[in-house]
2 protein chains.
Amino acid sequence: MLATALAEARTGLAEGGVPVGAALYGPDGTLLGRGRNLRVQDGDPSLHAETAAFRAAGRQRSYRGTTMVTTLSPCWYCSGLVRQFGISRVVIGEARTFSGGHDWLARHGVEIVLLDDAECVALMRDFVRDHPALWNEDIGAG
Amino acid sequence: MLATALAEARTGLAEGGVPVGAALYGPDGTLLGRGRNLRVQDGDPSLHAETAAFRAAGRQRSYRGTTMVTTLSPCWYCSGLVRQFGISRVVIGEARTFSGGHDWLARHGVEIVLLDDAECVALMRDFVRDHPALWNEDIGAG
């Protein structure tokens, strides 16, 4: 499942964007939507990877049983999305370079799977090193 | 400040959408962006009123000193947005028909102004009564 999110993150990096990718899967494992951070590409601060994947999945009556896969620990904005819509599980590539709301989600009944994937870590570590201002803008640390 | 958000909510209602509106103001009171829930109109579940206003404001280096005005208590998704990006203040039309994360935001240092506006209450009360399935879909209660 991480492969699709990682592919989105790599595409984002190649486009000059923030290299975070995500994918939303249905209860049966069907891909509902995939996306990547589009702050730079679309000039749109509302499209973090998770919200882009959620948006791509279109309107759904329920998110029960769905899994959000993301290359990076979800920030508060994306954690709020998961909680509000009742997404059941979040699979996270890594939480070393940034740690958002995944512990909070776990306390509120969301299943959290933290992979600590080396490629996800390397992608973000290099990006934060090379583009600190853009990264700070993306997480509201400006 | 509520007038702009209310105008957005009324426009949304006239379009057949979920009647929640929002507006983001800069520290000096300048309108940075305004928007409304666009689930129905754009088939886009990621555009709640607050995220639509945030999106319309475009990329900002900092949200320090900004105010998000919304006709309805912000859900967890929109509360997470406020917390992550460091929006300083949230002015809320009402929290009678739905109560989201505004107490949580207050605990994390966001200034909350709850107006309990009769027109905001009436808009949502009628909408929830007439379109319960759509409302439940919009807050992930399906």
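Within the stretch A:73-88, being free of Cβ contacts under 8 Å to residues at least 60 places away in the same chain and under 15 Å from A:ASP103 (Cβ atoms) holds for A:SER73, A:PRO74, A:TRP76, A:CYS78, A:SER79, A:GLY80, A:VAL82, A:ARG83. For the stretch A:14-29, indicate whether the set of residues that are modelled with pLDDT of 95 or more, within 9 Å of chain B (Cβ to nearest Cβ), assigned to a helix (DSSP H, G or I) and open to solvent by 30 Å² or more (accessible area, probe 1.4 Å) is non-empty. No - not one qualifying residue is present in the stretch A:14-29.
The set of residues from the stretch B:84-97 being of a type outside the set (Val, Ile, Thr) and open to solvent by less than 30 Å² (accessible area, probe 1.4 Å) comprises B:GLN84, B:PHE85, B:GLY93, B:GLU94, B:ALA95.
Inside the stretch B:30-71, residues that are within 12 Å of another protein chain (Cβ to nearest Cβ), more than 18 Å from B:ILE112 (Cα to Cα) and of a type in the set (Ser, Thr, Tyr) make up a count of 2. So is B:GLN60 free of Cβ contacts under 8 Å to residues at least 40 places away in the same chain, crowded, with 23+ Cβ neighbours inside 10 Å and within 27 Å of A:PRO132 (Cβ to Cβ) or not? No; evaluated as a whole, the condition is false for this residue.
When residues in the stretch A:1-13 are screened for being out of contact with any helix residue (DSSP H, G or I) (no Cβ under 7 Å at 6 or more places or on another chain) and open to solvent by 10 Å² or more (accessible area, probe 1.4 Å), 7 of them pass. Taken over the stretch B:76-99, residues that are within 11 Å of the chain's Cα centre (by Cα), more than 8 Å from chain A (Cβ to nearest Cβ) and within 23 Å of A:THR51 (Cβ to Cβ) amount to 3. For the stretch B:107-132, the set of residues classified as open to solvent by less than 50 Å² (accessible area, probe 1.4 Å) and part of a helix (DSSP H, G or I) consists of B:CYS120, B:VAL121, B:ALA122, B:LEU123, B:MET124, B:PHE127, B:VAL128, listed by residue number.
The values are calculated or read from the model by the stated rules, or taken from the named source; none is laboratory data. Given the structure is predicted, the values throughout are model-derived calculations rather than measurements. Here the Cβ is made from the backbone with ideal geometry for all residues, glycine too, and neighbour counts use every protein chain on show. Note: areas computed on protein heavy atoms with side chains; ligands, DNA, RNA excluded. Shrake-Rupley method; radii C 1.70, N 1.55, O 1.52, S 1.80 Å.
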